[in-house]
Amino acid sequence: VMDMEAKPRPSRPHWYELHVQPCVAELLGSALFIFMGCLSVLEDSGGTGRLQPALAHGLALGVTVAVLGDI
C-alpha cells in the first residue's frame, strides 16, 4: 500500500467555466455574426450582389472562431 503513489484527482472546472463562459461566447459570436452581416447588406456597392454579404458573414465567422475558439 505504501508503494503506490496517490495520483491527485483532476479538479473540476469552476461553475463559471461550465455555464457562463459558453453563453457569453455564444452571445458575442452571434452578435458579431449578425451585426457584420446586416452592415454588409446596408453598404451594398452596386454590382457586388450576393458576394459582399457572403464574404462578410464568412469573415465574421472566421474572426469569431479565431477569437473565441478556446472558450
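Report yes if some residue within the range 42-58 is modelled with pLDDT of 80 or more, under 15 Å from the mean Cα position of the chain (by Cα) and surrounded by 11 or more Cβ atoms within 10 Å (Cβ to Cβ); otherwise report no. Within the range 42-58 (the criterion being modelled with pLDDT of 80 or more, under 15 Å from the mean Cα position of the chain (by Cα) and surrounded by 11 or more Cβ atoms within 10 Å (Cβ to Cβ)), the answer is yes, since at least one residue qualifies. Residues in the range 11-27 that are under 14 Å from the mean Cα position of the chain (by Cα) and open to solvent by 100 Å² or more (accessible area, probe 1.4 Å): GLU26, LEU27.
The values are calculated or read from the model by the stated rules, or taken from the named source; none is laboratory data. If you're wondering where the values come from, they're calculated on a predicted model, not measured in any experiment. With ideal geometry, Cβ positions are generated from the backbone for all residues, glycine too; neighbour counts draw on all protein chains shown. Heavy atoms of the whole protein, side chains included, go into the accessibility calculation; ligands, DNA and RNA do not. Shrake-Rupley method; radii C 1.70, N 1.55, O 1.52, S 1.80 Å.
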